[in-house]
Every structure is written in structure tokens, then in C-alpha cells.
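Reviewing the structure listed below.
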Amino acid sequence: MIAAILDEDLLQPQDAEKLVGELAGRLRAGQIVPFVGPGLAELSAPSVPLTPEALAAFFGTKVALPRRAKGNPWTAAQHIESFKHRATVTAFMAEAFAAPVTPTPLHQFLASLPLPLIVDAWYDGAFRKALESRSDWGEVQGNTRAGIGEDRWYRFYGAAAEEATREDAEGWKTVLYKPHGGVIPAKNFLISDADYVEVLTEIDIQTPIPDVVKNRRTERSFLFLGCRFHDQMLRTYARQISKRSAAPHYAVVDVEKLTLNERRFLASEGIVPIALPLPRVSEILIAG
């Protein structure tokens, strides 16, 4: 059985703050890839779903869901797609994330750095808003291949929201990678069970992950901010996106909320837990 991170394994607060200060320097040097979850957007108190469970609850306000789909947005979306239409799922997702999300100071800070790669693992548009003053970046969004109509797993968009190519992406100073898609600029969403079954059948061999992401993660560590790993799919994505990069990795965690599966995941992946409030981590990173 895989050992789990125990409370006694955690750094003391003063040591954790010292570590974050060191990570701030590495971040500014482009040696760390920020992997941002919806917990960061939550700091700006937006009116969009900020957890998978909240997204499932939103779907439940639109249609009657079977018991198995309650609390699970992927199964809920699959139910809607099966009994209505994919277009209905897309419309509901667009409605759920229609309200703009104000970038937090940490969004703005990260967007100001010439980072080679930023991973944003939620559907809102806060990072695109934070990056809008720059023209030297672009975005890669995961999408259902049925929505693309070709043998592709993702789409590319430039800073002005124009569709771009993989060749364009190689020249971007910063690549914003949204593996699950995003509401802007084109309402691309990986959301239903069927979407993920298709991706997960090949993610072990990395086919659904863009080459520009694979290349830019090499020799860099990951810093998980505002992320949870309490669902198998979330753990799989974090593991596969950070594969073949430079361990150790780091994750800001809320110890009170950590499940046993999360603790085991942190231990198995060599992820150093930082048990500090995310607002405090943001302050230290920005202060550098």
C-alpha cells in the first residue's frame, strides 16, 4: 500500500514560508510551472462554479439528474448529452461560466512574468483577462475531438483570440494551457464522461497533451495553486501533465480538507505539501 502524507510530515509554518520565498525566485527565473486550479479564482469571489461538485449542482438546477450524477459534473454532463444533445451541454457550460472572473493579484503577477508555461485547470477566463495587456502569448485549449471534427485533441488561440496553429505556439513567449478547455474565446469544453474516456485511453502515451507543453515542462518543476486531487480524474491529469518534468513538485494545500487519496497522491508523486493559506502564499510569491 502506498504511504500517505501525514500531518507530522508537513513543514512548520516558518519553514513553509521560507520555501515559498525560495520558490518565488525560481518562478521569476522561469524554472517553475504554475498549475492553477479554481481555488485561486475563488479568492476574487466570482459567481461561477468553483468546484466540480458546484458545477454538478449547477447542472442539477437545469435538469433532473440521476443519483449517480449528483456531485459528479462529468457524469451529469454525460446524462444531459445522452438524453438531450451535446449542444445543450455546451449551452449550460457557457451559462455557468458567463460571469467574468476578476483576476486575483496572483493571476496578474504570474501574467506579468515571461513564464514559458502556465497551466490553468478550470473553465473560467481569468488568466486570459490577466494576460490581455501582452501580445507575446497564446493559449492551448483541450476540446472534445467531436467538437473539432478532426483528429486533434486541442485548439490554439493567439492573444487576440484568433485561432492559431501549433507552429504559432512555438513562438509564443508564454503558453497558457487549459487542458479542460475554457469558456472564452470559443466555448471549448472537455466535460462529459465520454470526453474523458476518449482522452484517458491515450493520456498515458501523452498523445492528448500538446508538444509545446511537453517541451516546456522539461527540466521544470510544478507548483500547484488552488488545486484539489480528491477525484481520480483530477489526479490523472495532474500526474500526466507533470510527467517527465523535474521533481520535486509543490502544492499549496488545506490540511483540514485533504482526503486520504489526496495524501497518498502527494506521497506517490513526490509533491511537497505547503500547508499555508493561499492568500499568504500569494503575498510571498508576489513580494518575491
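Evaluate the following for Ala24: is it in a helix (DSSP H, G or I) and more than 16 Å from the chain's Cα centre (by Cα)?
yes
Right, Leu65: under 30 Å from Leu115 (Cα atoms), surrounded by 15 or more Cβ atoms within 10 Å (Cβ to Cβ) and either in contact (Cβ under 8 Å) with a residue 60 or more places away in the chain or not charged (D, E, K, R) (or both) or not?
No: the conditions fail for Leu65.
May I ask you to say which residue of Leu223, Leu260 is in contact with a Pro (Cβ under 8 Å, 6 or more places away or on another chain), assigned by TED's automatic domain parsing to the domain that holds Gln14 and modelled with pLDDT of 95 or more?
So the residue among Leu223, Leu260 that is in contact with a Pro (Cβ under 8 Å, 6 or more places away or on another chain), assigned by TED's automatic domain parsing to the domain that holds Gln14 and modelled with pLDDT of 95 or more is Leu223.
Pull up segment 210-236, narrow it to residues that are in a loop (DSSP other than H, G, I, E, B) and out of contact with any Phe, Trp or Tyr (no Cβ under 8 Å at 6 or more places or on another chain), then point me to the one that is nearest to Gly125 (Cα to Cα).
Top of the filtered list is Gly226.
Could you check segment 119-135 and list, in sequence order, the residues that are farther than 18 Å from Ala96 by Cα and in contact with a strand residue (DSSP E or B) (Cβ under 7 Å, 6 or more places away or on another chain)?
Val119, Leu131, listed by residue number.
From the residues in segment 259-284 that are in contact with a Lys or Arg (Cβ under 9 Å, 6 or more places away or on another chain) and not polar (S, T, N, Q), which one is surrounded by the fewest Cβ atoms within 10 Å (Cβ to Cβ)?
My answer is Glu269.
Specify which of the listed residues (Ile191, Ile184, Ile205, Ile209) is among the β-branched types (Val, Ile, Thr), in contact (Cβ under 8 Å) with a residue 60 or more places away in the chain and assigned by TED's automatic domain parsing to the domain that holds His249.
Ile191
The values are calculated or read from the model by the stated rules, or taken from the named source; none is laboratory data. Source: prediction; values computed, not measured. We place every Cβ from the backbone using ideal geometry, glycine too, and count neighbours over all the protein chains shown.
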